[in-house]
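Below is one structure, written out as structure tokens; the observations come after it.
Please treat every number below as a calculation from the coordinates, not as lab data. Not measured: the values here are computed from a predicted model. Backbone-built Cβ (ideal geometry, glycine too); neighbour counts: all protein chains shown.
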Amino acid sequence: MARTRFHSAPLPGPFGVEVSRVDLPRLSDDDVRALLLMLYANRIMVVRTGGLSKSDYVAFARRIGEPITLSDDVDHPEIAEMTNIGVDSRTQGRGAAHWHSDQSFRKAGASVTMLYSVRSPMEGGETRFCDLAAAWEALPSDMKARIDGLQVEHRHGVSVAARPGDHVPIPPPNWDQRHTVVHPLVRQHPVTGQTSLYAITGTSQGIKDMPQDEATALLNELCEHAFREPFLNQHAHSVHDILMWDNPTTMHSASPIGAATCDADTRVIRRISLKGYPPVFHGGSGPHSALR
Ligand SMILES: O=C(O)CCC(=O)C(=O)O
Ligand SMILES: [Fe+2]
């Protein structure tokens with residue numbers, strides 16, 4: 001792999017990496033591969049951009065995957081704007097402040113999601129994360145043997161393993177709440193092959209061929225194991241940073257935040273969520289080929 005031109009350092013807390021001195025619009029394919037491998041190895045990554053136009057942001061995202069959500073942004077429908085201007089998510093109790101992996105209620109879950117900060121509050125508005133690959137690693141071997149191969153049923157709505165304080169998720173427009181998809185409970189990362197638990201809460205509602213009470217108890221037991229100190233981290237956004245995360249190996253939750261009253265408590269974020277393998281890893285013979 002060619003030498004990369006950016007600088008990296010661990011984020012505070014048990015996992016995550018930040019990179020700086022990155023000229024995003026001019027990255028070579030080798031640079032993009034190196035950045036993504038760093039993201040996959042560290043679960044979450046903060047890119048200190050120093051300022052990025054919408055076009056350059058979308059162009060960078062498109063090198064990593066296929067944008068999922070189309071917004072009403074006329075020139076850049078790949079970007080959805082999230083803000084607390086006129087919105088108090090603390091009293092609303094609905095929205096992204098619940099533990100989830102993006103799009104786990106669809107067959108093709110999200111691969112990478114990224115948030116570019118336009119305005120950041122002095123306090124609050126952090127994004128919280130759980131490292132489900134590390135949580136899998138730390139499970140006792142008898143539990144690993146018990147759960148490997150199980151298939152989890154996912155449906156939009158409040159999970160049977162919802163965490164205390166979780167807000168109620170908001171479905172996409174006209175979403176059929178009965179639509180159910182199945183994902184393996186233990187999966188290999190599509191690019192690196194890393195083994196991880198997947199989406200144990202958020203949309204998890206049952207386990208195939210298992211009585212409901214047993215499935216609910218097992219999903220909650222796994223959550224109690226995963227949602228604790230060594231596997232949790234959070235990121236406070238700073239203007240011009242991109243926060244990226246790997247949905248296959250992590251779960252995340254927004255922090256409830258009150259409505260903006262002035263500059264100092266305003267949060268404005270440009271969000272892009274992606275599906276599919278990054279084209280730079282399409283090495284010809286399937287998932288892990290670019291890493292050999
Ligand atoms: O606002 C946040 O911190 C995270 C929101 C979220 O869940 C997402 O963008 O996928
Ligand atoms: Fe999310």
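Table for the structure above
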{"quantity": "Contacts under 7 angstrom Cβ, first residue in segment 130-151 being touching a residue at least 40 places away in the same chain (Cβ under 8 Å), partner assigned to a loop (DSSP other than H, G, I, E, B) and small (Gly, Ala, Ser), 6 or more apart", "calculated": "none"}
{"quantity": "Conditions (1) within 19 Å of Ala108 (Cβ to Cβ); (2) basic (Lys, Arg); (3) over 22 Å from the mean Cα position of the chain (by Cα): number failed by Arg155", "calculated": "(3)"}
{"quantity": "Strands (runs of 3 or more DSSP E) wholly inside segment 196-257 containing at least 3 residues that are away from ligand 2 (no atom under 13 Å from the Cβ) and within 25 Å of Ser89 (Cβ to Cβ)", "calculated": "232-235"}
{"quantity": "Test set (1) farther than 19 Å from Leu243 by Cβ; (2) in contact with a strand residue (DSSP E or B) (Cβ under 8 Å, 6 or more places away or on another chain); (3) more than 16 Å from ligand 2 (Cβ to nearest atom) - Ser104 fails condition number", "calculated": "(3)"}
{"quantity": "Subset of segment 96-137 (residues that are assigned to a loop (DSSP other than H, G, I, E, B), within 9 Å of ligand 1 (Cβ to nearest atom) and hydrophobic (A, V, I, L, M, F, W, C))", "calculated": "Ala96, Ala97, Ala110"}
{"quantity": "Residue in segment 217-238 that is surrounded by fewer than 19 Cβ atoms within 10 Å (Cβ to Cβ) and on the phi > 0 side of the Ramachandran plot present", "calculated": "no"}
{"quantity": "Within segment 11-63, tally of residues that are in a loop (DSSP other than H, G, I, E, B), of a type in the set (A, V, I, L, M) and within 19 Å of the chain's Cα centre (by Cα)", "calculated": "1"}
{"quantity": "Some residue of segment 213-234 being more than 30 Å from Asp56 (Cα to Cα), in contact (Cβ under 8 Å) with a residue 60 or more places away in the chain and among the polar types (S, T, N, Q)", "calculated": "yes"}
{"quantity": "Residue match in segment 181-195 (condition: within 14 Å of ligand 2 (Cβ to nearest atom) and under 17 Å from the mean Cα position of the chain (by Cα))", "calculated": "no"}
